[in-house]
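A short worksheet on the structure shown next.
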Amino acid sequence: MSETIEFSATVSATTRNGVLVVTIDNAPVNATSVDVRDGLEKTLAHAEAAAGLTGVVITGAGKTFIGGADIKEFGKPAMDPTLPAVIEKIENLSKPVVAALNGAALGGGLEVALACHYRVAAPAAQVGLPEVKLGIVPGAGGTQRLPRLIGIPAALDLITSGRSVKAAEALKLGIVDELAAGDLVEAAISAASVLAGKPLRRTGELTIALSDTAEIEKTSARILAKARGQKAPAEAVRLVTSSNRPLAEGLADERATFLILRDSREAAALRHVFFAERESSKVEGLEGVEPRPVRTIGICGLGLMGSGIAVAALGAGYSVIGLDQTAEAAEKGKERIIGLLERNVASGRLDQTGFEAQKARLSVTATDADLAPCDLVVEAVFDDLAVKTSLFQRLDKVIRPDAVLATNTSYLNPEEIAAATVHPERVLGLHFFSPAHVMRLLEVVRCAKTAPDVLATGLAVAKKLRKLPVVTGVTEGFIGNRIFSAYRREAEFLLEDGALPHEIDAALEDYGFPMGLFAVYDMAGLEIAWARRKRQAATRDPSARYVEIADTLCEAGRLGQKAGRGWYAYPDGRRTIDPEVTTIIEAARTKKGITPRTFSKTEIVERMLGAMGLEGEALLAEGIAARASDIDLVMINGYGFPAHKGGPMFSRS
Ligand code: T1G
């Protein structure tokens, strides 16, 4: 092996058997920064000119090949050499260029690989074009070269979904040419040597395989419907389905489209979410604090929530001991958990071996003492203070003093539960969202006495559960439900002021919510909020505006979809506007002497966003939420706020 040549701060190369092996080393993900592009350009010029070199291999340092363009450079003027310029030089080099995919090749990273003449992947590699998740389209040839390699239907699926595929699937699709059984770079060097002197397969010159136009139109229509007004997926469909045109024309259209989308509000919102997700688990004061080791998790209460938490824990590799009130209830809980695991097998998310291994790590009991081996116990029992407190007092007697105790309560004060235990410093809240094995969001509730390493343990467990943790302080409803209550209140004010449930829901759905607020309310049932309002009635501020419409509906037995009637009627299960509700709303207005007026969709959305934003500002001022972007993550991941709008706090910026 020759000495190493440094072509830039992040790109170096050595020569092995006449092949120039180029390594990109730009921590943390080898993003194609301007230094990487500059180094690659210099490397290619060197390779072209050096008579003794027969080929080039490009690989990445660490666990990523290239994690894409440097998103942090977006919003700044594009600096030469641009990625498309470097990619064109790769494709047109007179010598073979082989990509050695040592890890994730995403976005611009895959586009670099697509321009190479051959692609070898390590088994752990993954490839994808996730640009639509950032509100943009691939901007360096992805929409034009991928269809040339794998056909329009497969390219359409990957580019509009933004999903990554593992190496084996990439091989089957034709994105990679070889899986390296042994040393990846050696395999790539051999491939380059075999290709030397032979005509090179240049992706850009390939003809796109014919495909079923009707099928493509059907797929495109489905993608557009799902995009709910987002621009990037629509543009990706357009660019991919029109890729059977001269390469230069397609590349020019793609680049122009990418630049427009990159500077759009939608892309700024999705970049905000991307970085927010990576910020949320960084908690001030926890740097260097070691989490307590957790291998076995106890779960008390094996109902809907508890069984979902158990499935998430089993899927993350934990052992789970489930506790319920009786042996029969525990057995029923076990059946519920196994049933969910079987659903994962049926959907292909879990293979038979995985199913057996997870089942083997599950045990259930009705005996408290059986929880003794647990390093963490999560309670998901009935949301009543006395019930939870007495359970924690029982657990104090059976689990180790250093084991962590977590409550999944939605509305109770975890500090009151902690205060009743012997070691309040080991208590925190882990507020899962139902279904717990599906929803990514996890509110990690920091109580006044929660020890730093206990909070760090909560965050570490959240990460292992592949959840999105957001730390919250203690307040009724934490971050999500407090904001939800605020905008539900605002929606009910709008009803009194002149709007109707279906108008408010239509405005929210046009804005990008998957479902309107009153439709969600009917699905969840009106009785939960009704019980809370009755609990709070005695202490409610008499001077504060209070809307009685929901109470009137509940008193009339209109408890929601399950009751067949709520804010809407459900004559045959289909949600329909109910004149009876309109009458109830009109009577409420008359009773308060309100002259109703009509509201535009824009006005409705502004009022709703305003209410969310105000409550968000209050949460920040009270120190309940650490940063505005955390609030955005909670509302996007727990309450359907459209990610391409960035969240309630971003939408106000
Ligand atoms: N640019 C800049 N920073 C990035 C980055 C990127 N592409 N990807 C990750 N980071 C940062 C991230 O903010 C975090 O920073 C650290 O790296 C570790 O990230 C032309 C235009 C590659 C699978 O969308 O999917 O190419 O918090 O925690 O779990 O057509 O990062 O440490 O300060 O996620 O090991 C397309 C995005 C870009 C891929 C690694 N590429 N990244 O996961 O680490 S657009 C993407 C990921 C594009 C072209 C277009 C993941 C990963 P900090 P991490 P990880």
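The values are calculated or read from the model by the stated rules, or taken from the named source; none is laboratory data. Everything numeric here is computed off the predicted structure, so don't read it as measured data. Cβ placement follows ideal geometry from the backbone for every residue including glycine, while neighbour counts extend to all protein chains displayed. Side chains are part of the model used for accessible areas, which takes the heavy atoms of the whole protein and leaves out ligands, DNA and RNA. Shrake-Rupley method; radii C 1.70, N 1.55, O 1.52, S 1.80 Å.
Were the residues from ARG361 through VAL438 laid out at 0.36 nm apart, the gain over their Cα-Cα distance would be 25.7 nm.
Under a 5 Å amide H cut-off, with hydrogens placed 1.01 Å from N, ALA625 pairs with GLY473, LEU620 among residues at least 5 apart or on other chains. Express the carbon and sulfur contribution to the solvent-accessible surface of the stretch 5-263 as a percent, rounded to the nearest whole number, probe 1.4 angstrom. Taking all protein chains in place, the stretch 5-263 shows 59 percent carbon and sulfur surface. The modelled label-to-label distance between SER347 and ASP25, using points 7 Å beyond Cα along the C-beta direction, is 4.2 nm. Candidate cross-link partners of LYS282 among the aspartates and glutamates, defined by an alpha-carbon separation under 20 Å and a same-chain spacing of 8 or more, comprise GLU290, GLU443, ASP453, GLU622, ASP630, ASP632. Taking 0.36 nm per residue of sequence separation and removing the Cα-Cα distance, the GLU416/LEU206 pair yields an extension gain of 68.9 nm.
With a Cα cut-off of under 30 Å and a minimum spacing of 8 residues unless on different chains, the lysine pairs in the stretch 480-651 number 8.
Across the stretch 392-398, coupling constants 3J(HN,Hα) worked out from phi with the 6.51/-1.76/1.60 Karplus curve, θ = phi - 60°, read 5, 5, 5, 5, 3, 7, 10 Hz, and Gly and Pro carry x. Label-to-label distance, ARG466 versus TRP530, with points set 7 angstrom from Cα along the beta-carbon direction: 3.9 nm.
Applying the Karplus relation 6.51 cos²θ - 1.76 cosθ + 1.60 with θ = phi - 60° to the stretch 544-553 yields 3J(HN,Hα) values of 7, 4, 10, 9, 8, 4, 4, 5, 4, 4 Hz, where x marks Gly and Pro. If r is the Cβ-Cβ distance from ASP157 to ALA506 and R0 is 25 Å, what FRET efficiency results, to the nearest 0.05? The formula returns an efficiency of 0.20 here.
Report the calculated FRET efficiency for ARG400 and GLU548 (r = Cβ-Cβ distance, R0 = 41 Å), to the nearest 0.05. Efficiency for this residue pair is about 0.20. Shape analysis of the stretch 568-650 based on the Cα gyration tensor places the equivalent ellipsoid semi-axes at 32, 19, 12 Å, largest first.
Across the stretch 463-468, computed HN-Hα scalar couplings (Karplus, 6.51 cos²θ - 1.76 cosθ + 1.60, θ = phi - 60°) run 5, 5, 6, 6, 9, 9 Hz from first to last residue, x flagging Gly and Pro.
Of the GluC sites (Glu not before Pro) found in the stretch 257-335, those that fall in a DSSP loop while having at most 13 other beta-carbon atoms within 10 Å are GLU284, GLU287. Straight-line cross-link partners of LYS449 among the aspartates and glutamates, defined as a Cα under 15 Å from its Cα and at least 8 positions apart when in the same chain: ASP402, GLU415, GLU416, GLU425. Site pair GLU287 and ALA225 shows an inter-label distance of 5.1 nm when each label is modelled 7 Å from Cα along Cα→Cβ.
Rounded to the nearest 20, the Cβ-based charge dipole of the stretch 492-586 about its Cα centre (Lys and Arg +1, Asp and Glu -1) stands at 540 debye. Taking only the C-alpha atoms of the stretch 309-440, Rg followed by Dmax gives 15.1, 45 Å.
Given the -39500 (n - 2.57) contribution per DSSP H run of 4+ residues, what per-residue ellipticity at 222 nm results for the chain, rounded to the nearest 500 deg cm²/dmol?
Per the formula, -14500 deg cm²/dmol.
Equivalent ellipsoid of the chain: semi-axes from √(5λ) of the C-alpha gyration tensor, largest first, are 50, 32, 22 Å. If the segment from GLU48 to ALA372 were pulled out straight at 0.36 nm per residue, it would be longer than the present Cα-Cα gap by 109.9 nm. If R0 equals 35 Å, the separation of the Cβ atoms of SER193 and GLU6 corresponds to a calculated FRET efficiency of about 0.90. How much solvent-accessible surface does GLU88 expose, in Å² to the nearest 10, with a 1.4 Å probe and all protein chains in place? Taking all protein chains as shown, GLU88 has close to 110 Å². Students often get this wrong: which residues of the stretch 514-536 have the backbone nitrogen under 12 Å from the point 7 angstrom along Cα-to-C-beta of THR598? No residues fall inside that zone.
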